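A short reminder: the numbers here are calculations on the coordinates, not readings from a lab. Everything numeric in this text was worked out from a predicted model, so none of it was measured. No Cβ is skipped: glycine too gets one built from the backbone with ideal geometry, and neighbour counts run over all protein chains shown.
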């Protein structure tokens, strides 16, 4: 059953067709124009942070989705988000590096350690890989508690807001500390980052690399036997995945302006995975939708008081019963999915 | 030294019993039951209600927990896992369902039993003290013995009963078992009910010693995952071995590494990761579980 | 089927309660006070006792006709948000409070959450009352956080000193869970003990919060033969198990903690073995509780079925907010006014007998008044309930 091939409409499409271009344009218009207008009109300024969180978490989830794509259940993204957060926090507070520079550095650092960790553990499959990554999150937390550079249990606090970036006197990014509404700026930054990540993900899936990954998901021995360098492919996918995790973590830290060993824990790792499941493993944009539904859903349910968790989990179970292949499987053409 | 081994054995016995239920469910249905820890907590609370609130003897609480959890497990398999497994394209999808059930049980436990730590009075009083070399309260010895007794009973059941044999056949090869006339649906349901029952039994046993609170669910699941990974997923002897090994590791690790403080658990977990990287299928598991 | 009807009925109940709350007291204006903390999952006990204290007190005040601030009479409404002990969620909770026009928020319950909400609180003009101890939250330039209870680096020295003088304690050992809050508390406890001239014989042992058997954890600690075993930042769930394991291993010295505990939890989890256990609480012991405190406990029990002794310290934050607003009605929408009032504010403490006062303290710890003066009541567990060992005050 694990090896059953399946069509992925959004993933399998080749090239940009006209309707797709329109869809992308509509999405861009929605997130960059419609959402801010809606917020300005209704005065729901708190949505900015919620949507920023959704954007950042869906970046992490995109990484998890990519490891699913090579047939690995990744419950360790929290570890990389935490590592990325610490890299950014340490560089900003101790070396005075600009936040915007620490963002890719955090990602690269995570990609690097993920290669070291991935070399041995990517040989594992199924639940074994899942469990090792789960333990990895706990290891990351305990490491953060034990290392001197992370300031141990006391965490790193009072991290300054992202500074400005200007090239030849032209301000590309304004200094967040001077802004009237930094929440809005964070929203735009996070959404921009998210779009970038999903474009990259979409490109990967539709490239030769993506096809090879899919062959891995379906039958690893077979792809190895026809000359696919499976080890390299796995490491590559895992490193990209961890890069995303690190970036998401670093960005979060700039918003909370603090980081603790408990900033990303096992629960976050599990959540990243759940976002992917809920959206649908066969769809590139599944993790984005899954994050939106699960994260935003919890916030909206806070009106239910003490029944919040009950309704939330009840809805999750119901959704799974109705759409076991993820929400996006709703849009599968009839018979095309089986 | 004797004390460390005694502690390890006691921990190991309770861990092994937790791991058994989880591995049974995994071997039959390839489902990693994220809600296993919550079932354990629920068992503890049922026993607490029967013993501490209703004033019944401990053994009644034990039986009540086993029954409630068995029924719950059966229902969960029949109405939740079975339809989802049938319709989903990838086995892993059941993880979301299991996680949803875990959250749901957490919510129900909070609403029904409250947020406080609960415990029932000691079953037997007194402390066994062998010249200060081994100190072990009698109730711990009793619970440890009961746990080992249950493990033995479980093994005998799986080995010699008709249902046990059918489940082992199912675990080995689902399709072949079906072709040989094993009622797959029926035994999946029985297996899930048994797995849940085991979780409930451990919860009920331990409520007399460690007590129970709603937060124990998630971490217990993760510990149980670790144990079945050490021993090999889906293998009964592996779960028992995994339970005892983890118990021993904690007991020895905490003593040997106590002067290094904060890194004790880091070392334990890192060792586990390295072990699994070297031996991916655990001690006795089928490769690629 | 069963589950579905259960869901349906709970959903109905939820809708019903939502619909009923605003209808009950339609005549008065609303004074919204927020709570952002953890009310589900492993640490639920902390936040729930917090939220319930607030709700019980608010219901009581509203029943009396509301609170008069300036010329207006308000009904107190508690707006609660469950952050699941996740700092990312805590920020969302604080944003939601700002959205609802709430200026005074009780919580979060843990260090990381309290640090994470600081930017929002300062930008949106919210004063918040965390139950977290890091000094950076309260020392300038931070100015919007007010510590809601006695910090362990304040209560610890008082307890150790008392035990040195009265019980002849010389050697002390620390054990803590390997999480941020307990570890920070352990470190400051060690510092305080050393400053008092105590010998710290064991300070490295930690445990995972999900430990089910503490015997291996405590074995090396007790081999160091301390006179006093300090359970730093211990959660109410772990405390009885630790006490029980220590006693069963033959430990005969004292055991103490600087966090609030619940007597019935200790009774169930450790029974007689918990005799003499020292912890910190509010003014709920027989000797100190005023009639108002007794009535509060009664009302809380009636509303939620069971009282939680942790609420003894958690009843105060709401009282302080309301009393300070009464003293300066302009603060109702302007936290800068509130901060001005902090320095001079004083009102009688309704929950304690005698002439105890509600006032803001913290000068010596934080350099500015950013702490509620909650009576530092050190309790001893005796025969199923807490008895006052001694009472101190923080300055």
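Worth pointing out:
- With the gyration tensor restricted to C-alpha atoms of the stretch C:96-168, the semi-axes of the equivalent ellipsoid amount to 32, 11, 9 Å, longest first.
- Among A:211, C:103, sorting on how many other beta-carbon atoms sit within 10 Å of each Cβ, with the fewest leading, yields A:211, C:103.
- Whole-Å distance, taken between Cα centres, linking the stretch A:229-246 and the stretch C:150-223: 44 Å
- Projecting label points 7 angstrom from Cα along Cα→Cβ for residue B:283 and residue C:355 puts them 7.1 nm apart.
- Square roots of five times the Cα gyration tensor eigenvalues for chain B, Å: 30, 24, 18
- Burial ranking of peptide ranges A:218-230, C:207-219 (average Cβ count within 10 Å, highest at the top): C:207-219, A:218-230
- Panel values: the stretch A:196-338, Kirkwood radius from alpha carbon pairs, Stokes-Einstein at 20 °C and 1.002 mPa s, translational diffusion coefficient 122 µm²/s.
- Shielding by partners - mean other protein chain Cβ count within 10 Å, residues of C:73-80: 1
- Per-selection metrics, the stretch A:151-204 (Cα): Rg and Dmax in Å: 15.2, 42
- With contacts taken as Cα pairs under 8 Å and at least 6 residues apart, the stretch C:132-261 reaches a relative contact order of 26 percent.
- Treating each Cα of the protein assembly as shown as an identical point scatterer and summing with the Debye formula, the log10 of I(q)/I(0) at q = 0.07, 0.09 Å⁻¹ comes to -0.59, -1.02.
- Rounded Å value of the spacing that divides the Cα centres of the stretch B:155-190 and the stretch C:286-332: 60 Å
- Rounded to the nearest 5, the antiparallel percentage of DSSP beta bridges internal to the protein assembly as shown is 50%.
- Mean shadow area of the stretch A:241-292 over all directions, Cα convex hull, nm²: 3.9 nm²
- Over the stretch B:167-289, all Cα pairs binned in 5 Å intervals from 0 give whole-percent P(r) values of 2, 10, 14, 18, 18, 16, 11, 6, 3, 2, 1, 0, listed from short to long.
- Averaging over all projection directions, the Cα-based convex hull of chain A occupies 19.3 nm² in the image plane.
- Under 18 Å from the residue B:130 label point (7 Å along Cα→beta-carbon), backbone N, the stretch B:236-250: B:248
- As a proxy for reagent exposure, ranking C:221, C:335 by other Cβ atoms within 10 Å from fewest up yields C:335, C:221.
- Degrees separating the helix B:264-278 axis from the principal Cα axis of chain B, which is the longest one: 40 degrees
- Calculated FRET efficiency, residue C:223 to residue C:303, Cβ-Cβ distance, R0 = 45 Å: about 0.45 to the nearest 0.05.
- The mean number of Cβ atoms from other chains found within 10 Å of a Cβ in peptide B:252-259 is 5, as a whole number.
- Nearest-0.05 FRET efficiency for residue B:260 and residue A:168, computed from C-beta distance (R0 51 Å): 0.45
- Two numbers describe the Cα atoms of chain C: Rg and Dmax, which are 21.1, 65 Å.
- Compactness of the stretch C:325-384, taken as the C-alpha radius of gyration over 2.2 N^0.38 Å, stands at 1.42.
- Peptide packing for A:113-119, A:72-78 was compared via the average number of neighbouring C-beta atoms within 10 Å per residue; ordered from the highest value, the list is A:72-78, A:113-119.
- A crude spin-label estimate for the pair residue C:334 and residue C:272, with each label 7 Å from Cα along the Cβ direction, gives 6.4 nm.
- Inter-centroid distance (Cα atoms) of the stretch B:82-147 relative to the stretch A:141-212, Å: 40 Å
- Spherically averaged projected area of the convex hull of Cα atoms, the stretch B:39-187: 12.5 nm².
- Taking only the C-alpha atoms of the stretch A:32-181, Rg followed by Dmax gives 18.4, 53 Å.
- Taking other Cβ atoms within 10 Å as a rough exposure proxy, C:136, C:259, A:318, A:133 sort from fewest to most as A:318, C:136, C:259, A:133.
- The protection proxy used here, the mean number of other Cβ atoms lying within 10 Å of each residue, ranks peptides C:111-122, B:130-141 as follows, highest first: C:111-122, B:130-141.
- Estimated D of the stretch C:152-259 in µm² per second, where Rh is the Kirkwood radius over Cα pairs and Stokes-Einstein applies at 37 °C, 0.692 mPa s: 244 µm²/s
- Taking all pairs of distinct alpha-carbon atoms in the stretch C:41-170, Kirkwood radius in angstrom: 16.5 Å
- Take each residue of peptide A:258-268, count the partner chain Cβ atoms within 10 Å of its Cβ, and average: the result is 6.
- Distance between the pseudo-spin-label points of residue A:221 and residue A:18 (7 Å out from Cα toward the beta carbon): 4.8 nm.
- As a calculated quantity, the FRET efficiency between residue B:5 and residue C:196 at R0 = 41 Å, using C-beta atoms, amounts to about 0.60.
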